[in-house]
2 protein chains.
Amino acid sequence: MFQKLRSTLIQSGSKLANNWPWLGDKVNAAAINKTLEVCRYRPHPWSTVHDYVSWTSLTDQTWSARHLPAANRQNLPPPSALKGLFERSTTEQEFCKKSTCLFPAFAQYLTDGFIRTRMPNESAGEKDDPLRKQNTSNHQIDLCTLYGRTQVQTEQLRIKTGATGKKGQLKSQILNGEEYSPFLFDSNTGALKPEIDKLDPPLGLDRCTPEMRNKLFAVGGDRVNSVPQVAMINTLLLREHNRLARDMEKTHPAWDDERVFQTARNAVIVMFIKIVIEEYINHISSAPFHLKMDPSVAWHAPWNKPNWITAEFSLLYRWHSLIPDTINWNGKSYPVAATFMNNQLLLDSGLTKAFASLSEMRAGRLGAFNTSAALVGFEVKAIEQDRLYKLDSYSKYREYVSLKKPQTFSDVSKNRKVVDFLAKNYKTPDDIDFYIGLFAEDTEPNSPLPELIQRMVAVDAFSQALTNPLLSEHVYKPDTFSQIGWNAIQGTQTLRDILARNSPDQGGSARISMTQASWRYS
Amino acid sequence: MFQKLRSTLIQSGSKLANNWPWLGDKVNAAAINKTLEVCRYRPHPWSTVHDYVSWTSLTDQTWSARHLPAANRQNLPPPSALKGLFERSTTEQEFCKKSTCLFPAFAQYLTDGFIRTRMPNESAGEKDDPLRKQNTSNHQIDLCTLYGRTQVQTEQLRIKTGATGKKGQLKSQILNGEEYSPFLFDSNTGALKPEIDKLDPPLGLDRCTPEMRNKLFAVGGDRVNSVPQVAMINTLLLREHNRLARDMEKTHPAWDDERVFQTARNAVIVMFIKIVIEEYINHISSAPFHLKMDPSVAWHAPWNKPNWITAEFSLLYRWHSLIPDTINWNGKSYPVAATFMNNQLLLDSGLTKAFASLSEMRAGRLGAFNTSAALVGFEVKAIEQDRLYKLDSYSKYREYVSLKKPQTFSDVSKNRKVVDFLAKNYKTPDDIDFYIGLFAEDTEPNSPLPELIQRMVAVDAFSQALTNPLLSEHVYKPDTFSQIGWNAIQGTQTLRDILARNSPDQGGSARISMTQASWRYS
């Protein structure tokens, strides 16, 4: 009965807010401000460079910021012993009740843009310490995956001839009647094309067969090619950029190549942020209320401070267990490993079927005992990284974001197996490692995420997305995007909206969604 | 009579605020917030890179930000014709009624730290456009003049052996019983010392005699050596850093070299900001109320946004006419040109007498017809830079900071000669160039500055000093500075306070002040 009442209240509240825009704005602002009030605002006093406050810790963004200072925790179980929390006891994977595979695909594409931990080249003798404490992030949602991380990379990704019909566009090719990024390697010689030699080399290149290598895209992000699910999202945004550039060139014949490029980029970045908030965050949220991207919420907010990606954020986004063992793509099934670096799948299906395939497939359940065997090694790496950063305990992080500290192991999860595992490995609930606690928790009702991850994702999402300079008080106006870009932003709430403008069949009749068709709010 | 009444009111208001700390805090916060409400808050939509909003204009800080967008103004007089506004008609210099020469010395040292326009090397064929549109600034009050602009420079300026009694200190030498930075060149070979070869080379090196060259200091800033007035301030802060480091080493024997260095630097930077606000800004202000560095004013303020030095700021700080033709130093007089790159003056006088000499000397009156002949060429360069940046008119900038636009040329100045000059060169008051208008105005009562400069300096000073990360809500506390550093900050209001701790005679009995001894509030 309470469930029913709650559901009714939720529906009428939601209706109320949707019918009364003024009230809706207030509720939206209140919800976002409340989300951010749970913990300290930036600037963070500490980074991974020093265990105390220094000018370097406050200003050098090549080190990762930290929510809590370094802790000297003692007598902890070795990371290898903790691996067991992630390993499946049966071969059967458990699935998420809410999310489709479009959700992890988007999460990966999004976070690859700013969670950019420096990776040591171990064969070259490079060490985790200090490399993994550093990053190559711009600390912004800037679509560096599409546009490049540096000015030189951006230049190489653009056409820049200013030729009629090509002003302001990114380099691309047409294959099977659809637009994609150009290939990175010359298929005849196998050599890296010299005109795009300043891009970050794709991670995982050593695992590619020659066929896979020939189909790698020349893109901004070094992980865009990692799976076709991610390359797919980049392809969508590439098309949208070039579509906007074509329209802008027509409407503003006096504009040069540079202005068309910059204006189209302004629009695509903001459109992407809108999807982050209105499609992705709403999908994650357990609340029934639909949050909106209202930039004015941030304009005079005390939490509007310069972005800086934290060490904790880089760990809480390791959502390996969301990835199913088997990927269904355009009517066929592939073991997940067969999709790695395999853009041929995307080229064969085309963009609409790729989006449709992911939207039909359930994501894995995020949490304990559910990571694919192929990915368990990454969990151990993550625990080692937690220790390298000297992160404080799970319990301290719950307290930090105003959640209850666990008094007993049973407070962490209702799953007996999880409780037993924790009790076997830790003396008290206060000893649990951050990374272990994150994934030991049960997922929240109506969300694909457990409570602590959900809360920390929300804090970092709002406080780093709404602070984007393109959303700032004197910038977020039609002039910045041209009327064409502004209209496109206003007309976009979902990835499907962009797909409809950029696929030969206008997205077809397929259902494109991060949420499963059968899911209902409970 | 009104004057008397105003003066009485001012005194009682000031007394009230000083006697009632709570009221004082409120008045202080209100004064600062009111100062910043006169114009738009950051982020600035534009920079010198594009004439429209772009991701680059919003994020790439190697270009200078701008308060107003680029303007296409037509039919302007050539810069050479405008030079006349600065040239003296007699050889007699006019003096400022309020400021001593410590004021321009401090202003130069301060602004050299963050107004860092890139200078084209014209003999190497480098061009103003784009070089002078770019900068090498960190956009922070970070004392890069003392500590270096980059991590590599900072490393070279430090001792770093961690030897007992030397932990965390900057390299220095003792001459005549006083501490100075080491010399940059080997006096035997004349060669740049290899252990400090990554510092920015001193500007003006080509004008040095071998004797002057041998006495140049190895310091963070490339303009620190330009005149001994400026080297003097850097020397003071060097001593304070090393003094704090010595004390911290004694009190915290477990701290390593790095921690002592970082903690002393934290304290010296904040101490410097305190002097900027409590000594320098209060000197500039026409208000009788004594402003305080209260970091909490900024914590939740809507204007607390990331710093970014503007093109306009780099121009409005060209205070050439403040510099007297003759410098009295330790009882002798020197033509101003004889002080350029001449650290011998400082070494001969010692620090206390250097500060005392400047405090006894009147600065020039800032404004029209008062620049030393030797410096008039720089005024023409400045006008050219105004045009290169396509700055909007003086009138538009007054409007931007909520000041009245001039209706007639007589609204700009009461000086007939200035009015005639403007009328001769411009069709209407709306045509006056920004740089010309800045210096055509009369100085304000009780301030060394004219109205528009004063207002724009205040806006940029508060909005960029109080946003320093060391002053932020979760950082500005004793732990960040150690109790030693914290006490030193609390015990510092003026340069004299620091001098007393760092000169053999504790600053002696000399008057050290930016304000002339005979000056009275009117």
With respect to the numbered conditions (1) over 19 Å from A:Leu238 (Cβ atoms); (2) surrounded by 18 or more Cβ atoms within 10 Å (Cβ to Cβ), which one is the sole condition not fulfilled by A:Thr164? (2)
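Quick grid of which residues meet (1) among the small types (Gly, Ala, Ser); (2) more than 14 Å from chain B (Cβ to nearest Cβ); (3) not in a loop (DSSP other than H, G, I, E, B):
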site: A:Val418; (1), (2), (3): no, yes, yes
site: A:Lys427; (1), (2), (3): no, yes, no
site: A:Tyr435; (1), (2), (3): no, yes, yes
site: A:Val475; (1), (2), (3): no, no, no
site: A:Trp486; (1), (2), (3): no, no, yes
site: A:Ser509; (1), (2), (3): yes, yes, no
site: A:Ser518; (1), (2), (3): yes, yes, no
Check the stretch A:33-47 and report whether any residue there is of a type in the set (A, V, I, L, M, F, W, C), more than 20 Å from the chain's Cα centre (by Cα) and either more than 14 Å from every other protein chain (Cβ to nearest Cβ) or buried (at least 21 other Cβ atoms within 10 Å of the Cβ) (or both). yes
Do we find that A:Ser226 is touching a residue at least 12 places away in the same chain (Cβ under 8 Å), part of a loop (DSSP other than H, G, I, E, B) and within 30 Å of A:Phe434 (Cα to Cα) in this structure? yes
Of the residues in the stretch A:437-454, those that are part of a loop (DSSP other than H, G, I, E, B) and either surrounded by fewer than 22 Cβ atoms within 10 Å (Cβ to Cβ) or in contact with a Pro (Cβ under 6 Å, 6 or more places away or on another chain) (or both) come to A:Glu441, A:Asp442, A:Glu444, A:Pro445, A:Asn446, A:Ser447
Candidate set: the stretch A:48-65, residues that are in contact (Cβ under 8 Å) with a residue 60 or more places away in the chain and within 12 Å of another protein chain (Cβ to nearest Cβ); chosen: the one surrounded by the most Cβ atoms within 10 Å (Cβ to Cβ): A:Ala65
Every residue from the stretch A:72-112 that is among the hydroxyl-bearing types (Ser, Thr, Tyr) and either in a loop (DSSP other than H, G, I, E, B) or under 28 Å from A:Lys396 (Cα atoms) (or both): A:Ser80, A:Ser89, A:Thr90, A:Thr91, A:Thr111
Please work out which residue is surrounded by the fewest Cβ atoms within 10 Å (Cβ to Cβ), limiting yourself to the stretch A:212-233 and to residues that are of a type in the set (S, T, N, Q) and in contact with a Pro (Cβ under 9 Å, 6 or more places away or on another chain). A:Ser226
Which residues, taken from the stretch B:66-99, are basic (Lys, Arg) and away from chain A (no Cβ under 14 Å)? B:Arg73, B:Lys83, B:Arg88, B:Lys97, B:Lys98
Any chance B:Asp505 is more than 14 Å from chain A (Cβ to nearest Cβ) and free of Cβ contacts under 8 Å to residues at least 12 places away in the same chain: no
Hits in the stretch B:272-302 (condition: surrounded by 21 or more Cβ atoms within 10 Å (Cβ to Cβ) and either under 24 Å from A:Val49 (Cα atoms) or among the aromatic types (Phe, Trp, Tyr) (or both)): B:Phe272, B:Tyr280
Residue ranges of helices (runs of 4 or more DSSP H) in the stretch B:248-334 with at least 2 members within 14 Å of another protein chain (Cβ to nearest Cβ), over 14 Å from B:Ala107 (Cα atoms) and more than 24 Å from the chain's Cα centre (by Cα): B:257-275
Within the stretch B:190-197, is even one residue surrounded by fewer than 21 Cβ atoms within 10 Å (Cβ to Cβ), more than 26 Å from B:Ile327 (Cβ to Cβ) and either within 22 Å of the chain's Cα centre (by Cα) or among the small types (Gly, Ala, Ser) (or both)? yes
Could you tell me whether B:Ser410 is within 14 Å of another protein chain (Cβ to nearest Cβ) and polar (S, T, N, Q)? no
Close pairs from the stretch A:183-211: first hydroxyl-bearing (Ser, Thr, Tyr), partner in a loop (DSSP other than H, G, I, E, B), Cβ under 9 Å, at least 6 apart: A:Ser187/A:Lys215; A:Thr209/A:Met341
I'm trying to understand the selection: among the residues of the stretch B:244-271, which are closer than 22 Å to B:Leu471 by Cα, of a type in the set (Lys, Arg) and surrounded by fewer than 24 Cβ atoms within 10 Å (Cβ to Cβ)? B:Arg259
Look at A:Arg496 and say whether it is over 18 Å from A:Ala264 (Cα atoms), at pLDDT 95 or above and assigned to a helix (DSSP H, G or I). yes
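The values are calculated or read from the model by the stated rules, or taken from the named source; none is laboratory data. Model, not experiment: these values are computed from the prediction. FYI the Cβ positions are ideal-geometry reconstructions off the backbone, even for glycines, and counts take in every protein chain you see.
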